[in-house]
Amino acid sequence: MDPPWVERWDVAFADLYLAPVTADLDGRPVPGPWGVAYAYARTDPDQPLLRHLLLGMNAHINYDLPQALLSVITDDEFDDPVVRARRGEDHRLMDDLLTSRVSAEDAELDAAGSVRSRVDRVLQPANREATRRFLRESRRKVWANARALSAARRKGPEAYDAALARLEQLSAAKVSELVRPGQVLLRLAVRGFGVVLPEATLVKVD
């Protein structure tokens, strides 16, 4: 609905991915969820590509995406029902696009040499559907967290920093949960996808 806005949002989202990569390569501290994912990549590099991909997806979506939305939606825009509806619809449409790519991306993992156990291959259709569910469910939680961060931002820097720290802690705990042995997507299906700030309210994305 608003291509220039989506482009700004995409750049902000990409920057939040690239900044920790650069910091980690330079030996500097990185946000908690990325620290868990990077540490696992170093200690368990031979784990299936899908597991590493899911760790990165969780860090990038749960922690980075609410911040990306916040960087391109002002507090006044969150209060404007017309603008908020347009932003929410583009947020939904982007999710539809990502969901439509699940099967193709899964095939690319195979083409890249992703090693799957017999159990993995049997569960592959269920895993694809679980990924689609993850994307759908995370959209609502990301939107709620972005609005909660907006509410904190209005109260001042200290309130915002505290809310962002809580989001970082929750996101890091979710990624840590996923490094344990076992089927990652099935664990997510049981325990839920994404994270929600205590002060966030889950509503239909509008």
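In table form, for the structure just shown:
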quantity: Some residue of the range 70-91 being modelled with pLDDT of 95 or more and either touching a His at 6+ places or on another chain (Cβ under 8 Å) or small (Gly, Ala, Ser) (or both); calculated: yes
quantity: Residues of the range 155-189 satisfying the condition of being modelled with pLDDT of 90 or more, surrounded by 14 or more Cβ atoms within 10 Å (Cβ to Cβ) and among the acidic types (Asp, Glu); calculated: Glu168
quantity: Only listed residue being open to solvent by 40 Å² or more (accessible area, probe 1.4 Å) and not small (Gly, Ala, Ser), chosen from Pro20, Pro3; calculated: Pro3
quantity: Flag for Arg84 being in a helix (DSSP H, G or I), touching a residue at least 60 places away in the same chain (Cβ under 8 Å), among the charged types (D, E, K, R) and open to solvent by 50 Å² or more (accessible area, probe 1.4 Å); calculated: no
quantity: Pair list, Cβ < 9 Å and 6+ apart or interchain, from the range 132-147 residues that are in contact (Cβ under 8 Å) with a residue 40 or more places away in the chain and buried (at least 20 other Cβ atoms within 10 Å of the Cβ) to residues that are of a type in the set (Gly, Ala, Ser) and assigned to a helix (DSSP H, G or I); calculated: Phe134/Ala189; Trp143/Gly88; Asn145/Ala163; Ala146/Ala68
quantity: Residues of the range 28-54 satisfying the condition of being modelled with pLDDT of 95 or more, open to solvent by 30 Å² or more (accessible area, probe 1.4 Å) and either touching a Gly at 6+ places or on another chain (Cβ under 8 Å) or outside any helix (DSSP H, G or I) (or both); calculated: Arg28, Pro29, Val30, Pro31
quantity: Test result for Asp106, open to solvent by less than 20 Å² (accessible area, probe 1.4 Å), within 28 Å of Ala41 (Cα to Cα) and at pLDDT 75 or above; calculated: no
quantity: Any hit, the range 34-53, residues being under 11 Å from the mean Cα position of the chain (by Cα) and of a type outside the set (Phe, Trp, Tyr); calculated: no
quantity: Failed item in (1) more than 21 Å from Leu18 (Cβ to Cβ); (2) surrounded by 20 or more Cβ atoms within 10 Å (Cβ to Cβ); (3) within 15 Å of the chain's Cα centre (by Cα), with Arg92 passing the rest; calculated: (2)
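The values are calculated or read from the model by the stated rules, or taken from the named source; none is laboratory data. Quick caveat: nothing in here was measured; it's all calculated off a predicted structure. Ideal geometry is used to build each Cβ from the backbone, glycine not excepted, and the neighbour counts take in all protein chains shown. Accessible surface is based on the protein model in full, side chains and every heavy atom, while ligands, DNA and RNA are left aside. Shrake-Rupley method; radii C 1.70, N 1.55, O 1.52, S 1.80 Å.
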